[in-house]
Structures are given as C-alpha cells and as structure tokens.
Amino acid sequence: MVEDNLADALLVREAIRVEGLPLEVYAASDGELAIAFIEKAEKDPNSPSPDAAILDINLPKIDGFEVLRRIRSSKRYSKLPVMILTSSDSPADRNESAKIANGYFRKRPDYDEFLKIGPAMRQLLEQNGLL
C-alpha cells in the first residue's frame, strides 16, 4: 500500500481485516519509498514481494501515476494488480487509471463507505487468481 495519509492507511488495513483477506500489508508513505520497495523486491529474492498494490495518486515526492508507470515498466511486476485509492473524482484521473491500473476506488468521508475498499480488493484479487 502506498498512502501518505495515516488515517486512510489505517482504514485500508481495517477494511482488509473486516473483509477477511489473507493479506500482509507493507506500507510506503510516499512515491519515492514505493519505488525503492519495488526495486529492492526486484533485486533481492529475500525481500517482501508484492502480489497486489493499493496506490494513492496524490503522493509526496513522486506521484502515484509515476509510481504505477515504474511498476508497469518492471519485468517482474508489469502485470501486478493495482487498485488506485484516491479522493479524486477527476475524469482525467479516472481515464489515466483506466489505462494503467486494474481498479479505481474513491475515498469516501463516511466510514462504512470507505470500508467498501475491502470487497473491491477481494474482487481485484479474485479476478487475478490471487484468492
């Protein structure tokens, strides 16, 4: 998960727990750290290796779309299922996400609505043969 807002990151973890998804979550708080995580996983077989990603668009240092372009250019992770998690409802962000991500989830201020990312992640994992 790449999310710079701690409250949102905690809600994502809660949604995963409530949905009963068997996931171990590694978190990066900015795009630079996310790319470093991917690069380390590419080079070191003993490093944690992502099976899927939840990615915010508006990140410090390197934005989420640039992180995703880096993931898509990777030999090892080019097909990594990625769910965009964002507060943006911009048509441009939705269009860009549709081109290079596997899902788009808009953050909601309502707790119950936000937790719907759990079922959305379940669907993404099932569609990619990970559950």
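Every read-out reported here was derived from the displayed coordinates using simple, explicitly stated rules and does not represent laboratory data. These numbers were taken from a predicted model, which means no experiment stands behind them. Cβ: placed from backbone, ideal geometry, glycine included. Neighbour counts: every protein chain shown.
Quick notes on this structure:
- GluC sites (Glu not before Pro) restricted to segment 1-72 and DSSP loop, no more than 16 other C-beta within 10 Å: GLU24
- Gaussian network model of the chain, Cα within-10 Å springs - most flexible of GLY64, GLY103, GLY20: GLY20
- Entry note, the chain: relative contact order of 26 percent, from Cα contacts under 8 Å with a spacing of 6+ residues.
- Cross-link pairs exceeding 19 Å between alpha carbons, from the set LYS43/LYS79; LYS43/LYS75; LYS61/LYS107; LYS79/LYS99; LYS40/LYS99: LYS61/LYS107; LYS40/LYS99.
- Scanning residues 5 or more positions from TYR104 or on other chains, those with amide H under 5 Å from its amide H are ILE84, with H placed 1.01 Å from N in the peptide plane.
- Between ARG108 and ASN46, the FRET efficiency from the beta-carbon distance, with R0 = 35 Å, is close to 0.40.
- Area projected by the alpha carbon convex hull of segment 1-102, averaged over all directions, nm²: 6.4 nm²
- Rounded to the nearest 20, the Cβ-based charge dipole of segment 6-127 about its Cα centre (Lys and Arg +1, Asp and Glu -1) stands at 420 debye.
- Approximate spin-label separation LEU131-ASN58, in nm, with each point projected 7 Å along Cα-to-Cβ: 2.8 nm
- For segment 1-34 versus segment 44-66, the gap between their alpha-carbon centres in whole angstrom: 11 Å
- Each stretch of four or more DSSP H residues adds -39500 (n - 2.57); spread over every residue of the chain, this sum gives -13500 deg cm²/dmol at 222 nm.
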